[in-house]
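This report concerns only the one structure given below.
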Amino acid sequence: MRRLFALEFARLSKQTSAYVIFILIFILGAFNVFLAHVTVIHGEGGVAIRTFTARSLLESSFQLGQFQILLIGVLSSLFIATDISQGTIRNKIIAGYAKAEIYIVQIMMSVFIAIFGLFLYQILPFAFSWLITFPITQDDQGSLWNFLILMGFGYTLVILGVVLTSWIALKAKNTAGAIIFTILIFALGPTLITIIKSIVEGVLLINIDQYENLALYEQTQKDITSVFEWIYFYQIQRLNGPVSLFDLIFLDRGINFFHPDNQSYIWKMMGTSMVSFALLIGVGARGFSKSDLR
Amino acid sequence: MTILKTHDLKKTYRRTKALDGVNLTIEKGDIYGFIGKNGAGKTTLIRLITGVAEPTSGSFTLFGQREPKAIIKARSKMAAVVESPALHLNLSAYDNLKLQCILLGIKENHSQVIQRTLEKVDLASLLIEKKKKAKNFSLGMRQRLGIAMALINNPEFLILDEPNNGLDPEGIRDMRTLLLKLNQTEGLTILVSSHILSELSKLATRYGFIHQGRLLKEITSAELNRASRQATVLTLNLPIKDETIFSKAGLQDYEISGNQLKIYGSQSTNLYLSLLSNAGFEVMQINKEADDLETFFMKMIGGQSL
């Protein structure tokens, strides 16, 4: 497996598209800093009352529909799909590697691409937010550890998305198909999840906390007579913009993971992530081992 | 020593039987010519052996190993070019070979190994054009680079699927010379599938004939020579319209086609010549003829052309 990793890193280092995409992601991160700078709100006496914090960094980094996440997904799909469409994956099989081994290495490479891509995107915003709001715990995330846990959740979700698209890229067996599926998943995935979530919430009539006008919410809730109305009147508006990853994991943005009431979120999230990874890697590797390549 | 032995190997794609119980044996040192029409199952069998596809049923033994995990390891002693050469098209020949070195875990200096391999397949000129990408190579160059990649780790068993595709006559001759040299000097066992049967007949030491997913026959080149029917062909000045001149004399094993008389086997031609002379024919030309590989194969599959 060590040789396979060495090969994949050598292959990635020789792929021009990887350099282009990584540079683009870095530039987007720099642009994020610029954007934060120009949107600083000044209060009385010129004092900044809203500034660029670790929290704003997190919020801007983990929007599924955002360009940098899409680029990460496209790069990992492209990296895998080219190996299959050019037939070079056959060289690995003929060289005496098991298909399951090849599959796992490919998935791990996409995980590396996701982490490295996010790191490149966040390095400048992180550095600037650290400089502005030092120490990092000054924002409403609580402690540094709390911040890191939240960051870890964000990374986990992006990695899960990328692993899913990599699995599809391995199934699609052609570059164009893999890229199209990746874009669809990252662009439409959050919307689809929102719809599913809305249906679940509609069925359970769960009070969700993103409604700022609670009085209006309570008033209109009384008028709800069907699931359809719930979705149509109160959920459809959520499809307008990109969905935050933190909405998807049912987390309030200001959550303190160290509060006893919120501990269960961590375990739920970790459990769900582990099951998803196990399914995508275990079942995927088994399926890949039995499949025929081009 | 048996390098490869298949046991009732079958492969079905939906309802199509691509391979239907193939039992094939390749011994060490063989150059095994694998012959069949398009869609006969040649590439399918190669894909199963190389692990690119999985058999529907049956099994095979590679270097004496039959267990799936042991076969995967045994594959490190073989190399293959299946269908088109598997190259990183955006990389140069040098980079392609370098990646292959990394994949195979070659510890020796990669540049030296690459140079030696390219010289072996007469592609040393590619080292000068270090920046030329594989996608800009001609089909023949890609084919040779694919073979160079296959040979980089000195395999014991080489599988080539239609290696002459895209090669010009000179390239075909060079390929034959290379394969013969590797077989004779390095003892490399080779399985080669090809449509160009005249070319295979100059190369192979054993043949396997496959048709509609079934292996019809395996034969050595010596057996093929014996099985090929020898004939003496007499070209006459006039067409033969009355065959009775030969049948009345008790002659049987002959064939008439216009002004040509084909006398099979080792029969003496003297009797024929005297009968023809008596009947007023003049012999213009005498030739010796034997069935070539293509004729042999076509007879075997019932006269269907390749």
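The values are calculated or read from the model by the stated rules, or taken from the named source; none is laboratory data. Since we're looking at a predicted model, the values are computed, not measured. We place every Cβ from the backbone using ideal geometry, glycine too, and count neighbours over all the protein chains shown.
Checking B:Lys69 against (1) facing another protein chain (nearest Cβ under 10 Å); (2) crowded, with 16+ Cβ neighbours inside 10 Å; (3) in a helix (DSSP H, G or I): exactly one of these is not met. Which one? If we test B:Lys69 against (1) facing another protein chain (nearest Cβ under 10 Å); (2) crowded, with 16+ Cβ neighbours inside 10 Å; (3) in a helix (DSSP H, G or I), just (2) comes out false. For segment A:75-111, what are the residues that are without any contact (Cβ under 8 Å) to a residue 60 or more places away in the chain, of a type in the set (A, V, I, L, M, F, W, C) and under 18 Å from A:Leu164 (Cα atoms)? Those that are without any contact (Cβ under 8 Å) to a residue 60 or more places away in the chain, of a type in the set (A, V, I, L, M, F, W, C) and under 18 Å from A:Leu164 (Cα atoms): A:Leu75, A:Val111.
Looking at segment B:144-165, which of its residues are buried (at least 17 other Cβ atoms within 10 Å of the Cβ) and at positive phi? Residue satisfying the conditions is B:Glu162 alone.
Regarding segment B:85-99, can at least one residue be identified that is more than 14 Å from every other protein chain (Cβ to nearest Cβ) and on the phi < 0 side of the Ramachandran plot? Quick ask: steps written out before the conclusion?
Filtering segment B:85-99 down to residues more than 14 Å from every other protein chain (Cβ to nearest Cβ) leaves none.
No, there is no match, as no residue in segment B:85-99 is more than 14 Å from every other protein chain (Cβ to nearest Cβ) and on the phi < 0 side of the Ramachandran plot.
Which ones in segment B:248-280 are outside any strand (DSSP E or B), surrounded by 11 or more Cβ atoms within 10 Å (Cβ to Cβ) and under 41 Å from the mean Cα position of the chain (by Cα)? If the condition is that a residue be outside any strand (DSSP E or B), surrounded by 11 or more Cβ atoms within 10 Å (Cβ to Cβ) and under 41 Å from the mean Cα position of the chain (by Cα), then B:Leu251, B:Asp253, B:Asn259, B:Gln267, B:Thr269, B:Leu271, B:Tyr272, B:Leu273 are the ones that fit. Number of residues in segment B:15-66 that are assigned to a loop (DSSP other than H, G, I, E, B), more than 14 Å from chain A (Cβ to nearest Cβ) and farther than 15 Å from B:Ile190 by Cβ equals 9. Among residues of segment B:128-151 that are of a type in the set (Phe, Trp, Tyr), those with a Cβ under 8 angstrom from a residue that is assigned to a helix (DSSP H, G or I), sequence gap 6+ or separate chain, pair up as B:Phe137/B:Ala93; B:Phe137/B:Leu145. Screening segment B:143-170 for residues that are in a loop (DSSP other than H, G, I, E, B) and within 13 Å of another protein chain (Cβ to nearest Cβ) and picking the one that is nearest to B:Leu87 (Cα to Cα) gives B:Ile152.
Residue check: A:Leu78 meets all listed conditions (1) at pLDDT 90 or above; (2) within 14 Å of chain B (Cβ to nearest Cβ); (3) assigned to a helix (DSSP H, G or I) but one, namely (1).
On the given criteria, is B:Ala79 outside any loop (DSSP other than H, G, I, E, B) and more than 7 Å from chain A (Cβ to nearest Cβ)? It is false that B:Ala79 is outside any loop (DSSP other than H, G, I, E, B) and more than 7 Å from chain A (Cβ to nearest Cβ). Considered as a group, the residues in segment B:84-134 that are charged (D, E, K, R) and not in a loop (DSSP other than H, G, I, E, B) include one that is surrounded by the fewest Cβ atoms within 10 Å (Cβ to Cβ), and that residue is B:Glu119.
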